[in-house]
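Everything below concerns the one structure shown next.
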Amino acid sequence: DAKTTQPNSMESNEEEPVHLPCNHSTISGTDYIHWYRQLPSQGPEYVIHGLTSNVNNRMASLAIAEDRKSSTLILHRATLRDAAVYYCILRDPRGSNYKLTFGKGTLLTVNP
Amino acid sequence: GAVVSQHPSWVICKSGTSVKIECRSLDFQATTMFWYRQFPKQSLMLMATSNEGSKATYEQGVEKDKFLINHASLTLSTLTVTSAHPEDSSFYICSAFRQDTDTQYFGPGTRLTVL
């Protein structure tokens with residue numbers, strides 16, 4: 001599986017935008033970029049995923065570099081409830097491969 | 001949305017007993033479900049892939065005779081920890097794969113404590 005690299009931790013202030021980076025220099029052409037987050041003592045929660053184009057949903061935006069070697073998850077206005085570990089994961093859906101391999105993720109702290 | 005439930009949310013048992021954890025996809029059918037384990041301050045580790053109507057596929061190093069997985073219907077997978085020991089104490093999380101959104105949806109997790 002192609003690897004991703006994320007900062008161990010980041011800090012943000014409430015109501016400010018947050019940009020969470022992810023490097024994936026060995027990404028293949030068929031790898032999708034998935035983002036999940038995990039709040040304390042809970043299962044992970046799906047955030048967003050994309051292949052090449054930038055993606056938006058009600059939770060966040062995903063900005064994907066033109067060469068696809070990096071991506072950024074954007075939370076437009078951080079709230080205290082966004083404090084979580086954010087995981088950037090690559091998955092190639094070919095061959096009915098549905099597995100996700102979790103790395104260490106980025107621990108986001110949101111200050112009031 | 002896609003909802004996955006787990007039961008129980010926490011369980012305490014004595015060493016040597018078996019514990020069953022249920023994972024249900026409430027509003028969609030899932031031919032594929034997954035079981036993960038997470039130790040404190042660590043990331044999720046995939047234990048096995050549960051396929052409806054067939055045998056589970058276990059990751060390397062996971063004892064299939066100790067962690068029994070049954071996926072008898074399109075909405076239910078169960079994980080049974082047999083002869084549990086204190087080192088099996090962990091946070092067990094399941095997920096269900098939804099084909100139409102190409103996304104895994106996770107349950108809230110089950111905290112297992114073996115005394």
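Overview of values
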{"quantity": "Of all residues making up region A:74-101, the number that are in contact with a strand residue (DSSP E or B) (Cβ under 6 Å, 6 or more places away or on another chain), farther than 18 Å from A:VAL18 by Cβ and surrounded by fewer than 19 Cβ atoms within 10 Å (Cβ to Cβ)", "calculated": "0"}
{"quantity": "Output for region A:57-73, where each listed residue is within 13 Å of A:ASN23 (Cβ to Cβ) and either more than 10 Å from the chain's Cα centre (by Cα) or of a type outside the set (Ser, Thr, Tyr) (or both)", "calculated": "A:ILE64, A:ALA65, A:ASP67, A:ARG68, A:LYS69, A:SER70, A:LEU73"}
{"quantity": "Residues that are of a type in the set (Lys, Arg) and closer than 20 Å to A:ASN54 by Cα, drawn from region A:64-112", "calculated": "A:ARG68, A:LYS69, A:ARG77, A:ARG91"}
{"quantity": "Qualifying residue in region A:94-102 (condition: among the hydrophobic types (A, V, I, L, M, F, W, C) and farther than 17 Å from A:GLN38 by Cα)", "calculated": "no"}
{"quantity": "Residues (open to solvent by 20 Å² or more (accessible area, probe 1.4 Å) and free of Cβ contacts under 8 Å to residues at least 40 places away in the same chain) located in region A:17-48", "calculated": "A:THR26, A:GLY29, A:SER41, A:GLN42, A:GLU45, A:TYR46"}
{"quantity": "Residue check for A:SER53: surrounded by fewer than 20 Cβ atoms within 10 Å (Cβ to Cβ), more than 11 Å from the chain's Cα centre (by Cα), within 11 Å of chain B (Cβ to nearest Cβ) and at pLDDT below 95", "calculated": "no"}
{"quantity": "Scope region A:29-46; condition at the interface with chain B (Cβ under 8 Å from one of its Cβ atoms) and over 14 Å from the mean Cα position of the chain (by Cα); matching residues", "calculated": "A:SER41, A:GLN42, A:GLY43"}
{"quantity": "Residue count for region B:1-31, restricted to those that are of a type in the set (A, V, I, L, M), out of contact with any Lys or Arg (no Cβ under 8 Å at 6 or more places or on another chain) and surrounded by 14 or more Cβ atoms within 10 Å (Cβ to Cβ)", "calculated": "2"}
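The values are calculated or read from the model by the stated rules, or taken from the named source; none is laboratory data. Keep in mind that this is a model prediction, so the values were computed, not measured. FYI the Cβ positions are ideal-geometry reconstructions off the backbone, even for glycines, and counts take in every protein chain you see. The accessibility values were calculated without ligands, DNA or RNA, using every heavy atom of the protein model including side chains. Shrake-Rupley method; radii C 1.70, N 1.55, O 1.52, S 1.80 Å.
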